[in-house]
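Working notes for the structure below.
No value in this document is a laboratory result; all are computed from the given coordinates. All values reported here derive from a predicted model rather than from experimental measurement. As a convention, Cβ positions derive from the backbone with ideal geometry for all residues, glycine included, and neighbour counts pool all protein chains shown.
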């Protein structure tokens, strides 16, 4: 789902309702293409997020806390200079396009009142954020563009801001019924209705176009020839009337726990999928984009780690495959011993220079009483006795190799299991600090030679996840192996309970008892958290739990690797939304 003009109208309506007149307290730039304005109005503090990235451009209130860089970028510093203390006094949308104007009343360098504009262009890969003065002259932009980059529109300091080039499309908010029917009649009957709507009217996302068609025909891919224009116009005008009258009903479509679509009005085209209403556009966008943004940030910032882990996994897999093939070849050891025995028993029949010999195998008698013949290759340069010793040496070599290969395969499989835990940790990383801990963990685990330009970070206290059960007990959960070790071996007391998903990669979870006896609900909640933050999927996930005093780290074990022999097992089905509400200090 693209953040279309209708969704922009929805978020700007919410901004006008609660944020006009709000003062800007702080300005942050947690990501290269994302700005957060901390503002305060009569309704309290709010965080306005503006994302001008190519992947998920949007604007709206957000409750998601993000870690900010220690050294803010120049764009952020300039906004702080001009906007801190300013009052948000104007919120508008450029016709029905994905361009938002935020006007701020502030003072210039001489102390005179003036207006500044923050212009958000939310157009996919062409998204941008422009800061301009009261006359719309550009002061700076997140992405500047001169004549060498854009011959139509330049975005450089001192130039007057102009809107992006207009598309040859109608404004759906102002189109008349007659004009709609005229466009309908001029189209080919084979063209689908949704493509007709997107091709002739600006600001309409595919999901909105499909919803209009579905409401008018009962299908999402109906050709124009099978559609009544009056029904299509009626549904089309109902949606545009919602936008003009600001009757928005933010809606999120869920398949299980996975968010698949969102819009500014209820979506009915997805049949049995849950269409969940939200009271505000900001909460809807948080619910849809939070996980996606985190995964995107992790992939961007952890590309070197993913490459290192992927290469290491491939290398270990190749090595294990070769070792298993070699181990299978060692099964010939019994044949080598038999050859040596047959040569020894028939030395009198052999002479130096023989290349091959055939012997009767008296240990394998056939049903008719005869014995099979065994063909043995000989080295003509060696004596018969030396040939026998050659086969005995091969036999002894395979015996030693079997033991060593079995040990090496076990080590390789353990290393592979460890890499899977690190992969799993990357999916739970939420901040640069989490990624730094994973880098430190890999450095300690012997991957230093593969980590270019890595410097050992100063020791710090890991920021583990904390939850509060419905009955008031604290639950600690690690996001990576260093945090797992920290909560298991540093924070956990002997009478606390330790949880981990059974036989799969996942977080260590500790139920802090503080001398109290946990309730059944406490145990269930902690087990659900352990199951949710693991690689296991589906229902009835097995979770082992035991007293923390029974959990030990073996000598020389990898970070996060523990052993335990006394435990119980619970079977739970975690609910991500429920667990999110229990988390403290996000």
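Taking label positions 7 Å along the Cα-Cβ direction at both residue 143 and residue 245, the computed distance is 3.8 nm, reported to one decimal.
For the chain, what does the helix formula give at 222 nm: sum of -39500 (n - 2.57) over DSSP H segments with n ≥ 4, over the residue count, nearest 500 deg cm²/dmol?
Estimated from H runs of four or more residues: -12000 deg cm²/dmol.
Rounded to the nearest 10 degrees, the inclination of helix 206-217 to the longest alpha-carbon principal axis of the chain is 70 degrees. Please determine, in degrees from 0 to 90 and to the nearest 10, the orientation of helix 333-345 with respect to the longest principal axis defined by the Cα atoms of the chain, where the helix direction is its Cα long axis. Between helix and principal axis, roughly 10 degrees. Ranked by the mean number of other Cβ atoms within 10 Å of their residues, highest first, the peptides 307-318, 425-436, 524-535 fall in the order 524-535, 425-436, 307-318.
Quick one: which of 469-475, 555-561 comes out on top by average Cβ neighbours within 10 Å, and what's the full order, highest first?
So the peptides 469-475, 555-561, ranked by packing, come out 469-475, 555-561.
Is the stretch 463-586 rounded, prolate or oblate when judged by the Cα gyration tensor, a ≥ b ≥ c being the square roots of its eigenvalues, rounded requiring a/c under 1.5 and prolate requiring a/b larger than b/c? Because its axes are fairly even, with a/c under 1.5, the stretch 463-586 counts as rounded. Note on residue 380 and residue 195: their simple-model spin labels are 7.7 nm apart, each label 7 Å out from Cα toward Cβ. Across the stretch 177-298, the mean sequence separation of Cα contacts (distance under 8 Å, 6 or more residues apart), normalised by length, yields a relative contact order of 19 percent. Counting only alpha carbon atoms, the long axis of helix 74-83 and the longest principal axis of the chain meet at about 30°.
Which of rounded, prolate or oblate describes the stretch 492-533 when judged by the alpha-carbon gyration tensor and an a/c cut-off of 1.5? Oblate shape, in that a/c is at least 1.5 and b/c is the bigger or equal ratio. For the stretch 214-279, the relative contact order works out to 29 percent when only alpha carbon pairs closer than 8 Å and six or more residues apart are counted.
Take each of the peptides 546-553, 52-59, 407-414, average the number of other beta-carbon atoms within 10 Å over its residues, and list them starting from the highest.
Packing proxy ranking, top to bottom: 52-59, 546-553, 407-414.
Placing one equal scatterer on every Cα of the stretch 177-298 and applying the Debye formula, the log10 ratio I(q)/I(0) at q = 0.10 Å⁻¹ is -0.35.
For P(r) over Cα pairs in 20 Å bins from 0, in percent, the candidate list reads (i) 14, 21, 12, 11, 12, 11, 12, 7, 0; (ii) 18, 38, 32, 12, 0; (iii) 16, 35, 28, 13, 8, 1; the entry that matches the value derived from this model is (iii). Length, then width, then depth: along the principal axes, the Cα atoms of the stretch 305-450 run 78, 38, 19 Å. Taking the Cα of residue 413, stepping 7 Å toward and past its beta carbon, and measuring to each backbone N in the stretch 519-561: which are under 17 Å? Taking a point 7 Å out along Cα→Cβ of residue 413, no residue of the stretch 519-561 has its backbone N under 17 Å.
Structural descriptor for the stretch 5-141: relative contact order 21 percent, calculated from alpha carbon pairs under 8 angstrom and at least 6 residues apart. Treating r as the C-beta distance of residue 356 and residue 310 and R0 as 60 Å, the FRET efficiency rounds to 0.75.
Across q = 0.11 Å⁻¹, the stretch 5-141 modelled as identical point scatterers on its alpha-carbon atoms has Debye log10 I(q)/I(0) values of -0.35, in the order of the q list.
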